[in-house]
Amino acid sequence: MADSDDKDQFVATVSEDHETTCWGCGLRLILPSYAPIFKCGWCGAVTNQNDKKRENKWFWWKRLRDRCFVCVLLGFMLLVIGGGLWAVLPILFANGLFAGVLHSFIAAVLSLSTLSTFVLASFGCAGTPPIIDWGSYPAVGKGHLENYTFCHDCSKPKSPRSHHCRSCGICILDMDHHCPFIGNCVGAANHRHFILFLISAVTSMLYVAFMSVYVGSLIWPPLTYKHPLGSLSGVNSDLAWRTLREIFLALLNSALLLSSRGLVLMYLFFASISVQIGLSVLLWQQLSYIYEGKTYLSHLRTAPDEVVEKDCKNILRFFGCPYSVSRFLPSVSDSQKRHKK
């Protein structure tokens, strides 16, 4: 019997385990020493042992720089609005009272909408993550911190939909990006204001370009040609080139005789066109991400083979309409049923 007992004995090597604490619920866990990342089976919190707090020495300088740039940009917008009204309204009121009042109303609406949405997007809260209990087993329920990670910079849980912004120094819920032009992050709380600002700004720039051309044509000095256009001759391509050249030279000569209002209108036209192109590209990019149901950061983290539901309903939900537009329209089938009754 002694020999048989000796034969049944085996020697096995056991890997070295270590004991650690879950940051989410405080339970003691036994994990292999080679596991740098682990997920708590009770609360679902994810712990990265290699994650450390990053030093951000220039945080306050970045914050002050962004705020100063926003104030300068806001002052520039007020200067452009004031200069545009000074250059346009006297000419419009001189041509007719109705035209002056109408365009004054349109300019006031566009200016107020652009400035208000800009201020709300710049100085409003971008979106704070939800406050949730953590660190104590009795307070944290099972699965309450599912896929939450710990932000060492904020010293609190960070939800899967949150991202820590180094420029703002806080975690932002549904963060899209940090925009230096508004000096703030674009997140869950101000993303709608940011999109409305882009729409209002693009519409305003289009209106400014149109009014600059219209009012400029009223006060532009008469064109003087060195060679009358009717006396030009040549082949079709050569004639077209000569005609364009004469018109361009006449415009340059007459531009030297422009008043201060005309120069302001020229500046407003070229500035509005350039700004409109940039804002239109940004607006199109933002709407395409909303159409996909994503943000800019989630678009970067999306796997290439991941299936995304693209639908216009995402845009409607973003602007606060949970239902489709077709819900409020009468359908053909309903009208036929009512007619049969």
For the range 77-218: relative contact order, % (alpha-carbon pairs under 8 angstrom, 6 or more apart) | 26
Taking every pair of alpha-carbon atoms in the range 95-222, give the share separated by more than 19 Å as a whole percent.
-> 63
Would you grab the residues whose amide H sits under 5 Å from the one on CYS151? Only those 5+ places off in sequence or on another chain, please, with H modelled 1.01 Å from N.
-> LYS156, LYS158
Convex hull volume per residue in cubic angstrom - Cα atoms of the range 129-177 | 67
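In Å², and per residue, what accessible area does the range 99-213 have when probed at 1.4 Å with the other protein chains present?
Roughly 46 Å² per residue, with all protein chains present.
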Under 13 Å from a point 7 Å along the Cα-to-Cβ line of LYS53: which residues of the range 104-143 have their amide N that close?
-> none
Taking H placed 1.01 Å from N in the peptide plane, check which residues at least 5 places from ILE170 or on another chain put their amide H under 5 Å from its amide H.
-> CYS165
Cα extents of the range 29-95 along the three principal axes, largest first, in whole Å?
-> 84, 28, 16
Filter the trypsin sites (Lys or Arg not before Pro) in the range 146-182 to those in DSSP coil with at most 13 other Cβ atoms within 10 Å of their Cβ, and list the result.
-> ARG166
Of LYS39/LYS310; LYS62/LYS313; LYS52/LYS313; LYS52/LYS310; LYS62/LYS294, which sit over 30 Å apart, Cα to Cα?
-> LYS39/LYS310; LYS62/LYS313; LYS52/LYS313; LYS52/LYS310
Derived scalar couplings ³J(HN,Hα) [the range 189-194; Karplus, 6.51 cos²θ - 1.76 cosθ + 1.60; whole Hz; x for Gly, Pro] | 7, 10, 5, 5, 5, 5
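Sort the following peptides by mean Cβ neighbour count (other Cβ atoms within 10 Å, averaged over residues), highest first: 64-76, 106-118.
Packing order, densest peptide first, comes out as 106-118, 64-76.
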Shape of the range 57-143, Cα gyration tensor, a/c cut at 1.5 = oblate
Residues of the range 119-148 with amide N under 20 Å of the 7 Å Cα→Cβ point at ARG28 | 135-140
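The values are calculated or read from the model by the stated rules, or taken from the named source; none is laboratory data. Note that the structure is predicted; figures quoted are calculated from it, not measured. Positions of Cβ are backbone-derived with ideal geometry, glycine not excepted, and every protein chain shown enters the neighbour counts. With ligands, DNA and RNA removed, areas are computed over all heavy atoms of the protein, side chains included. Shrake-Rupley method; radii C 1.70, N 1.55, O 1.52, S 1.80 Å.
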